[in-house]
Amino acid sequence: MASITDDHQENFGIDGNINNCDEKAKLNSDTQRDTGTVVERGGGGEEKDMAPLAGSSIHRSSSRPQLDLSGAAIQGTFEERDPTILLPNQSDDISHLALDIGGSLIKLVYFSRREDQSINDRRKKTIKARLGISNGNRRSYPILGGRLHFVKFETIKIKECLDFIYSKQLHRGGMDSRRWQSKGPSTENTVIKATGGGAYKFSDLFKERLGISIEKEDEMNCLVAGANFLLKAIRHEAFTHMEGQKEFVQIDQNDLFPYLLVNIGSGVSMIKVDGDGKFQRVSGTNVGGGTYWGLGKLLTKCKSFDELLELSQRGDNRTIDMLVGDIYGGMDYSKIGLSASTIASSFGKAISENKELNDYRPEDISLSLLRMISYNIGQISYLNALRFGLKRIFFGGFFIRGHAYTMDTISFAVHFWSKGEAQAMFLRHEGFLGALGAFMSNEKHGLDDLMVHQLVERFPMGAPYMGGNIHGPPLGDLNEKISWMEKFLQKGTEITAPVPMAPPGTTGLGGFEVPSSKGDTLRSDASELNVGVLHLVPSLEVFPLLADPKTYEPNTIDLSDRSELQYWFTVLSEHLSDLVDKAVASEGGTDDAKRRGDAFARAFSAHLARLMEEPAAYGKLGLANLLELREECLREFHFIDAYRSIKQRENEASLAVLPDLLKELDCMTEETRLLTLIEGVLAANIFDWGSRACVELYHKGTIIEIYRMSRNKMQRPWRVDDFDIFKERMFGSGDKKPQPHKRALLFVDNSGADIVLGMLPLARELLRRGTEVVLVANSLPALNDVTAMEVPDIVAEAAKHCDILRGAAEAGGLLVDAMINIQDCSKESSSSVPLMVVENGCGSPCIDLRQVSSELAAAAKDADLVILEGMGRALHTNFNAQFKCDALKLAMVKNQRLAEKLIKGNIYDCVCRFEPAS
Amino acid sequence: MERGGIEEKLGEKELRQSVDEVSNLALDIGGSLIKIVYFSSNSGSSVDDQVHGSSNGNSNHSVLSGRLHFEKFETRKIDDWIGYLSSKQLRQYGAQCNQAPASDKNIIKATGGGAFKFADLLKEKLGIILDKEDEMDCLVTGANFLLKAVHNEAFTYVDGQKEYVQIDQKDLYPYLLVNIGSGVSMIKVDSDSKFERVSGTSVGGGTFLGLGKLLTKCKSFDDLLELSHQGNNRAIDMLVGDIYGGMDYSKIGLTSTAIASSFGKAISKEKELEDYRPEDMARSLLRMISNNIGQIAYLNALRFGLKRIFFGGFFIRGHAYTMDTISVAVNFWSKGEAKAMFLRHEGFLGALGAFMSYEKNNPADDASHQFVKQFPNSSYCIEDRIQSSDSTNASDNSCIECRLQVAK
């Protein structure tokens, strides 16, 4: 295990501060349920999640694994690339907070900084030396890592907003500022960027209560800056919505402009956007969200915008609208392309003499109104897009608020008027454009340079949400979070969906005064999208060996297929109790662990339920995302490594038989040995705690017994069998002896037999042939997957029995006792080719190669062979991935359905897929 | 109000019409209103064809002088208009021709959706067979006829000032015709016979009346319009100034009095429907719809490079504020480059077009006396000197004094 340095302890120290601050937060949130209506989208519990558990030796994070600063340096050494420097060290006037104060809602975007401390562990140091990474003499600003949080408050409850800001010390540049700035900035001079009509109105209040000045940013500027940022930085931000089907659109950053941005607030603005900061308001309409809500209120007596929307879902507009068929006696007016069901005149039937307002159903009125306004906006938008030759129209603003029918009608209008040539697109963060833009307007944070691959969105659990209502105040810390979960447990109520986006009682309209609504009703709209916390991880990079990063799609299984989702939902649900047992045991089985375990189970079930309801709620959903969500959820409840003891036990058992295996191998000819090695990898891949089938196996025999059984079952040809091609690449045919690979990246999977008896011997063989080997392992634990922290210990243990491994490990700087010698002259002293270990930047059983650690990206530079092992990395993800170099994908399929679907085979079938460099 | 007005005028004409020969009656049956156009020759007033016929060398035509009449009813008041039609000496409708087969006598031209819907009813009740003419065809034919043949037909309306526009007949096309009925159709007209419905919106006259009725309990379109006269939309609309604390958002060219959100103030918690003045709501509604139509019309004109936009249809009905709002909208969105124009006979485009189609569909000119078939043809129009009975007051159901050229 790599040791944790002092830096880490210090890091935990910050968390201590945070906890102190939360005492204040707690005071604020002690007000009982429903009075505190703020639900912080996960942000609330976030920092506290990092609160240390005594004696924990593993650096934990609820976020993307913390990566060290080497990323900065790497980027610095690549001359062809602009170094991504996100935050100059000396900036001590950074605003961590921006507001969009509308008439009804205050939208708040704030940043919590995560300083990625360089971990001075020796492995990394030698890796750096080995890979030719140096910090050099270039500017060495610390790279800003952190999270963007999105929070909403009702404007009439502005006091809660002020309390929230105070409790998080956001007006002082965030709670972490004290660490960053030895002398904190004087509050009197703090300036917060804000936009929206209310920025003027409340500026005195902010000054008085928090001592901060509000600097007003132009609303349009903010909208555009926010939209540009989202469209460029978030992979699946934009989506189309036709006939209830949501489809995410991946937008090529280089081909984004120009576009039309339609912001539907109380009124509607249409903005032609030509580039960053280049835009023009070209049109608009006064028939917008305010019209819907205003007219709707007059006609239906609805008390809130949400109520009105809710009504529309049960409406039938035919009772009120005059349709073409009504005029033409049920016939189409096909000559001009109007079908009988086309609305000829909105509210045209309401002219009937015999009926009064009370004779119409409010539901029908609401729907008729919604269609009228949505169609109208869609039409005018399209005409403006046409006028300027804009191919894309993005709709945002609080009128839409993820309401499926609204999006459908707008899409329909655009589709109808453009005769299918234009498509309406929507944004997941639609309500936060202004606030985000205000945040971006502070040039000093440099966030606009962020690339898609440096952002990771997480969906931590917010306040419990059930029966369409959010219950409770913002969650201060983990304990509060668990308490809420338990409360529902005791009540026996099902939490139907977690992480609601809006606090209760909001009306969703910006820009004007809005009455307070009842306060405890929020429609449970299945279509509502969730906005997570954006994690900024500047050291993430695109895996450089991908053949075409643009077309790369990590997920092999698309979960937009309902039955597929249902299946995996069931698999994960069934596996849950076992996982909770393991997790609780890993934390010593204490009462606290049990509480957290229950809370985790609740939370994860709620996530699953939410996703079953609305698969695209968290963005595009693939199996990898689902599996990662589970790991994140575990971490959220402070289960750092549920399989820790199991992994240790299996590692020990496997290492005990390793010497015999190596001896056995050494007696074989080279060619036989290669086959045996590959067989070994496939057989050892059976050990997978993520597989239900394997968990059952564990109950039947010891690890070695299972391994032997698995080995004996190996029979070629495997279901996918490219071994002969691989063998030819290794040994050549006839007299031709091919060059051995220069460097191989081995993406390892499970602990125990898988790494020890499978991958390590294969690595040894490659080393023996003169190929450098880089073992690529997870940054954070996921199931029983081996982590980059654990691999060096395993290698060191194995090296005791094998000279090849020892020499290579020494050369790679993996052996602690050899460090003193190696450190300064690692390159020169190594007679042997090195064996190295890098972390992949992931904490999931799968891997998205668009977002890997900078360390891995650097290691990939000279690599000409990639070996992906295991279901998660070679099948669930990357089965179809193409690489610039040779690629070998090895896995045993431990799931019947997957076997049928992917390889038309059966459970325990094997995949050995070799693809030469493309 | 509306009905009253019409009946009054009918009363005045009753005597004369009873002796007049009613011919070429045509219908436009829309979703809300049914429009009727017919010609009545002054009895015994057959003008010597030499005077008018010889000048164009058309010696086999005679000219009847008479009037084009325009009437309208609410479509839903079926009994009213059925009764009216019945009273108009049914036998004499249609292509009057003694030699024609009996069945032809009862054929009258009709357009509008109702021409389909009410075909059976009319046949049953009055024995009338409707000869359906395409709605768009009729609209365009009617508009082309009016724009070419009637002096001072088109006018602009800015700040309460009506200004007639002389249209050079040779430079009429292309133009955008916006017909605001229950719904709105936008038609690009390229020539006498070439046109295309390029757009439309469901937010039209039906929306105004429908929503208006729900909001104000008004009984008729005219009542609602009347109400809007007395209203102030500021009570209900959210203006730019309401958001920006009385300041303009000048950066994007919005003054503080611009409407940011129609009905945007109606979200106020304290107030309910009863707390708002019907006048204000009617005004707000009228502005919302007029403004919207003006905007969409302008965008479509822009799209096809059309320099003129004519607004017609019964929504406008000479209502000053409506025309003003539409004009302001077009002016605003086009930054002063385009002007909205209106037609004095705006409501009768379709009916007129149907009326015009009598000769079009009846080429066997030896048989019947024909309505001046060259009407849309400019060279004849001038000679025919069609005049309005009241050239200064654009009352929508005024008669047009005209002469009818008839085959001998």
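Bear in mind these aren't lab numbers, they're just calculated from the coordinates by the rules spelled out. Predicted model, so just to flag it, every value in this text is computed and none were measured. Every residue, glycine as well, gets a Cβ built from its backbone with ideal geometry; the counts of neighbours run over all protein chains shown.
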Quick check for you: which residues of region A:590-624 have the amide N under 20 Å from the point 7 Å beyond the Cα of residue A:581 toward its beta carbon? A:590-605
Which of the pairs A:157/A:232; B:217/B:269; B:132/B:162 have their Cα atoms more than 24 Å apart in this structure? A:157/A:232; B:132/B:162
For a 25 Å ceiling on Cα separation, which of these pairs sit above it: A:742/A:884; A:216/A:278; A:550/A:727? A:550/A:727
Taking A:669-680, A:778-789, A:264-275 and ranking on average Cβ neighbours within 10 Å, highest first, one gets A:778-789, A:264-275, A:669-680
Applying 1/(1 + (r/R0)^6) with R0 = 25 Å to the Cβ-Cβ distance of residue A:355 and residue B:222, what FRET efficiency is obtained, to the nearest 0.05? 0.80
For residue A:864, what is the net charge nearby, where nearby means another residue's Cβ is under 12 Å from its Cβ and Lys, Arg count +1, Asp, Glu -1? +2
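Restricting to region A:646-915, what percent of DSSP beta bridges are antiparallel, rounded to 5? Before the final figure, lay out the partial values.
Values: 7 of 29 bridges.
Antiparallel bridges make up about 25 percent of those DSSP assigns within region A:646-915.
Please compute the net charge surrounding residue A:326, taking Lys and Arg as +1 and Asp and Glu as -1 over other residues with Cβ under 10 Å from its Cβ.
Details: positive: A:318, A:349, B:117; negative: A:321.
Local net charge: +2.
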Taking other Cβ within 10 Å of each residue's Cβ, how do A:457, A:215, A:652 sort, fewest first? A:652, A:215, A:457
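Can you put B:229, A:403 in order of Cβ neighbours within 10 angstrom, beginning with the fewest?
Details: B:229 13, A:403 23.
Neighbour counts put them in this order, fewest first: B:229, A:403.
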Arrange the following residues from fewest to most other Cβ atoms within 10 Å of their Cβ: A:205, A:767. A:205, A:767
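Per-residue mean of other chain beta-carbon atoms within 10 angstrom of the beta-carbon, peptide A:321-327?
Taking the mean over all residues of the peptide, I get 6.
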Rounded to a whole number, what is D in µm²/s for region A:210-263 from Stokes-Einstein with the Kirkwood radius over alpha-carbon pairs (10 °C, 1.306 mPa s)? 119 µm²/s
By the C-alpha gyration tensor axes a ≥ b ≥ c (rounded if a/c is under 1.5, else prolate when a/b exceeds b/c, else oblate), the shape of region A:646-915 is rounded
